[in-house]
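Note sheet for the following structure.
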Amino acid sequence: MKILIVEDDEAIANLVKINLTAEGYECICAFDGKMGADFIEKESFDLILLDIMLPEINGYELLEYIKPMGTPVIFLTAKSMVNDRIRGLKLGADDYIVKPFQIGELLARVEALLRRSHKADRRLTFADVEIDMSSRTVRKEGEPVELTVKEFELLVELIQNKNVALYRARLYEKVWGQAYMGDTRTLDSHIQRLRKKLGWEDYIKTVFRIGYRLEDGK
């Protein structure tokens, strides 16, 4: 799979490239927005890692150019304000990682996003549960499970990022599309209902001071 890294800090770009290449990905680096746009115009990519504060063309503007192509995008950004993250997600980014970040987290996010973006039949499975993304239906051992819209979206987010510890803020902003103000009650109650409806008390783990992780036990 081919990944484009659009990052003006060459040290960061090269570090990311070295680690992704070691995992078997083909990587190309662009060090400003214009160079990134030129690569996107000439070649196709499975994923784009995109900085926001770029020379020539910034990440938000470049994302508008990428969006019609349907290529998944992860923002790599030092802009850690909640409103910046929400803006990026609303513009069409699939995920964001705030600098400085751990390479292990980046690799996990890349793998999870590529895995879900290349599901040809748009079905997700985990343990005894199957999700049909097209019809937005959930079945457990073949029997339908009634979920609310937010419960469904939360379940999808957990499955698509299985074995990754997800921060409460990220889950809330991703599923509800609003700034996370520190009140955990809404998210926590949805998690509790998911556990109960699916019988997943042993799968959905609480990660102390972070949030939640869907764990397959492998």
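Working carefully through the options I18, I57, I74, find the one that is under 21 Å from M1 (Cβ atoms), hydrophobic (A, V, I, L, M, F, W, C) and in contact (Cβ under 8 Å) with a residue 12 or more places away in the chain. The unique qualifying residue is I74. Considering segment 149-218, the qualifying helices (runs of 4 or more DSSP H), each wholly inside and each with 1 or more residues that are within 21 Å of D128 (Cβ to Cβ) and modelled with pLDDT of 90 or more, run over 149-160, 185-198. Can you find a residue that is of a type in the set (D, E, K, R) and out of contact with any strand residue (DSSP E or B) (no Cβ under 9 Å at 6 or more places or on another chain) anywhere in segment 154-165? The answer is no; no qualifying residue exists.
Kindly check whether there is at least one residue in segment 36-54 that is out of contact with any helix residue (DSSP H, G or I) (no Cβ under 9 Å at 6 or more places or on another chain) and not acidic (D, E). Taking every residue of segment 36-54 in turn, at least one turns out to be out of contact with any helix residue (DSSP H, G or I) (no Cβ under 9 Å at 6 or more places or on another chain) and not acidic (D, E).
Summed over segment 33-77, residues that are assigned to a loop (DSSP other than H, G, I, E, B) and within 23 Å of I103 (Cβ to Cβ) total 8. Kindly evaluate P100 against the criterion of being over 19 Å from K174 (Cα atoms), assigned to a loop (DSSP other than H, G, I, E, B), outside the structural domain of Y172 (by TED's automatic domain parsing) and free of Cβ contacts under 8 Å to residues at least 12 places away in the same chain. Criteria met by P100.
When restricted to residues that are in a strand (DSSP E or B) and either loosely packed, with under 12 Cβ neighbours inside 10 Å or assigned by TED's automatic domain parsing to the domain that holds E105 (or both), segment 134-148 contains 2. Screening L49 on (1) touching a residue at least 40 places away in the same chain (Cβ under 8 Å); (2) out of contact with any strand residue (DSSP E or B) (no Cβ under 8 Å at 6 or more places or on another chain) shows it passes everything except condition (2). Looking at this structure, is F45 surrounded by 14 or more Cβ atoms within 10 Å (Cβ to Cβ) and modelled with pLDDT of 90 or more? Answer is no for this residue.
The values are calculated or read from the model by the stated rules, or taken from the named source; none is laboratory data. A quick note: this is a predicted structure, and the numbers were derived from the prediction, not measured. Virtual Cβ from ideal backbone geometry, glycine too; neighbours counted across all protein chains shown.
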